[in-house]
Amino acid sequence: MFFDARQLEQAHTIDADICIIGAGAAGITMAREFIGSTTRVALIESGGLAYDDKSQSLYEGDNVGLPSFDVNVNRLRYFGGTTNHWAGHCRPLDAIDFEKRNWIPHSGWPISRRELDPYYLRAQPIVGLGPYEYENLDFWQNEINLPNLQFDENRLSTVVYNQSPPTRFGQAYRSELKTAPNIGVYLNANVLEILSNNNGRKVTGLKLACIDGPTFSATAKIFVLATGGMENARILLLSDSVHTKGLGNENGLVGRYFMDHILLRPGADISLSDPNLNVSLYSALHRVHQSRMFAILASPEALLRKEKLNNFRIHLLHRKPAYPAPLGRVMSRLDKVGGSDDPESGLEGHELRKAGRDAISLHMVLEPTPNPDSRITLSSKTDLFGQRKIDVNWQLDQKDLSMAYRAMELAALEFGRLGFGRAYGAIFADAAHWPGNLEAGRHHCGTTRMTDDPKTGVVDHNCKLNAVSNLYIAGSSVFPTIGYANPTLSIVALALRLADHVKANLAGRPS
Ligand SMILES: Cc1cc2nc3c(=O)[nH]c(=O)nc-3n(C[C@H](O)[C@H](O)[C@H](O)COP(=O)(O)OP(=O)(O)OC[C@H]3O[C@@H](n4cnc5c(N)ncnc54)[C@H](O)[C@@H]3O)c2cc1C
């Protein structure tokens, strides 16, 4: 059932078993898991069913760190969240991404890839993807009949990516949420604060308000915060009535370890010796097995271990003229109505082929080293409700630059060795500084990280706040490291796992 919160009476109280805050990929996935049950779910969403400037303004913030992305336009604040303009590139994290890697400080998830495998399988159709097959390239290639580049497998291998339509969660799942009698979706309902008891160990309710409407509240047994990788931290920091540092922030970790993928688009260009070199497997989308896929290059686990590298991927694209800066900004605003974090690989094959054949660009996506100084904090500026906005201070570890260099060098060496062409790139000219085209991937992670030790993380292996008995976090803010894969398939898998845990908890069978 849908409710417009602006129609509620002043001081109304929503009463539910579970309150889920935020109707994006994570929140909608969680809520759907309770359809058909007797559990009363309130899904609280800040925006309405369509984009609105006033609601979106509540997401404004400043970028005070490395120049990366426009904080104001990347996230979307209405039903469906940022999936209203995500690009749909999908792949699970690799097993190695979950490991404590002694060359990556602060690495190591408290859960393994194996533990998440069944949830990835369940996440696949929810995100609108076909067969769950990421390991076996032949499964796809036999149908497509396009060659993969025969690089030294100890250095670079061809890896499968899946492409979602992309599923807009707000459209795809609207009608089933609307007809579910036990799910109440409250639109235009902004959580201003998560309220807790005197010692801050139990959430007692939510303080809510509409932009042009009443202030009201919500109570529940269990609360799930699912407002995205930056806003999850902001809401905890704003929830400071009991603990002045914010809810769950006794160790000062909320907002720290903010991570995003490190993008160089391009990291290098290859001037091709043979203009007919066929890279279509990588540069175009292929419709096959009632699904869509493309391939990327990545390094095998053994090399990552041997050379102590962060995980990375490389996209191969026919070279196109770079957008000049002002147009780049317009493009980023257009993202609101259908954007892409890897726009080129979101294009269909014929469009890519038009772009030129004498050169290809290597677009690099690198896993960042978790860095406590990279963080989201509250600024002194305030939004329409008088709530403090965010400052985004994206920082990278010094070592990440040498990782980026090595990733591009590996590719350059392989293209050269096979006689495909020569590599050119700013990173080869000046390995001591980030090239001017350094960007962040718009994948906001790490600000409420999951660890086994409460002193080093904000949530435990069940995604429950360490210090609070009934508050959970869904979304990429719990990722302690982020590999190279785009996050949404993992966000959905973790939301399914969390739903199972909450169900068991409500049934008195804690998992
Ligand atoms: C341009 C772009 C392209 C992308 N492409 C890809 C891709 O190809 N592959 C991939 O895996 N990922 C991609 N992503 C990332 C993807 O969009 C996110 O990982 C995903 O949407 C996160 O889901 P979420 O539910 O955690 O957050 P969101 O989808 O952002 O949802 C959060 C929800 O919380 C609501 N909310 C916020 N604050 C409040 C509040 N105070 N009270 C109530 N509700 C609130 C918001 O309105 C929103 O609906 C892309 C992102 C961008 C910006």
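Coordinate-derived values only; no laboratory data. Note that the coordinates shown come from a computational prediction; the quantities given were computed from them, not determined experimentally. Methodologically, a virtual Cβ is constructed for each residue, glycine included, from the backbone with ideal geometry; neighbour enumeration extends over all protein chains shown.
Data table
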{"item": "For residue 422, residues with placed amide H under 5 Å, excluding near neighbours", "result": "271, 273"}
{"item": "Computed FRET value (nearest 0.05) for residue 51 with residue 179, which takes r as the C-beta separation and R₀ as 25 Å", "result": "0.55"}
{"item": "Under 5 Å, built H, 5+ apart or other chain: amide partners of residue 101", "result": "107, 108"}
{"item": "Assigned charges on the beta-carbon of Lys, Arg, Asp, Glu; the chain dipole about Cα centre (debye)", "result": "500"}
{"item": "Reach of residue 54 by Cα under 13 Å, taken over aspartates and glutamates that are not fewer than 8 positions away in the same chain", "result": "212, 383"}
{"item": "Of 306/399; 308/464; 389/464; 308/455; 202/389; 306/455, those spanning more than 23 Å from alpha-carbon to alpha-carbon", "result": "308/464; 389/464; 308/455; 202/389; 306/455"}
{"item": "Per residue Cα convex hull volume in Å³ - calculated over region 118-157", "result": "100"}
{"item": "Shape parameters for region 211-275, alpha-carbon atoms, Rg then Dmax in Å", "result": "21.2, 67"}
{"item": "Rel. contact order, % - alpha carbon contacts under 8 angstrom, at least six apart, region 368-425", "result": "28"}
{"item": "Cα gyration tensor category, rounded, prolate or oblate, for region 1-49 with a/c compared to 1.5", "result": "oblate"}
{"item": "Kirkwood Rh, Cα atoms: Rg over Rh of region 79-216", "result": "1.09"}
{"item": "Candidate lysines - alpha carbon under 16 Å from residue 207, same-chain residues fewer than 8 apart omitted", "result": "221"}
{"item": "Rg over Rh, two decimals, region 439-511 (C-alpha only, Kirkwood Rh)", "result": "1.00"}
{"item": "Virtual spin-label span in nm between residue 136 and residue 461, 7 Å along Cα→Cβ", "result": "3.1"}
{"item": "Hydrodynamic radius by Kirkwood, which averages 1/r over all alpha carbon pairs of region 66-159, in angstrom", "result": "17.1"}
{"item": "Ordering of 221-230, 2-11 by packing [mean C-beta count within 10 Å, highest first]", "result": "221-230, 2-11"}
{"item": "Computed Kirkwood radius, in angstrom, where 1/r is averaged over Cα pairs of region 361-511", "result": "18.6"}
{"item": "Rg ratio (alpha-carbon, reference 2.2 N^0.38 Å) - region 41-106", "result": "1.56"}
{"item": "Packing-based exposure ordering (other Cβ within 10 Å, fewest first) of 460, 117", "result": "117, 460"}
{"item": "Hull volume in cubic angstrom per residue (convex hull over the Cα atoms of the chain)", "result": "136"}
{"item": "The chain, helix-only ellipticity at 222 nm - DSSP H runs n ≥ 4, -39,500 (n - 2.57), divided by all residues, nearest 500", "result": "-7000 deg cm²/dmol"}
{"item": "Whole-Hz couplings from phi, Karplus 6.51/-1.76/1.60, listed for region 68-79; x for Gly and Pro", "result": "9, 9, 7, 4, 7, 10, 6, 7, 10, 10, 7, 3"}
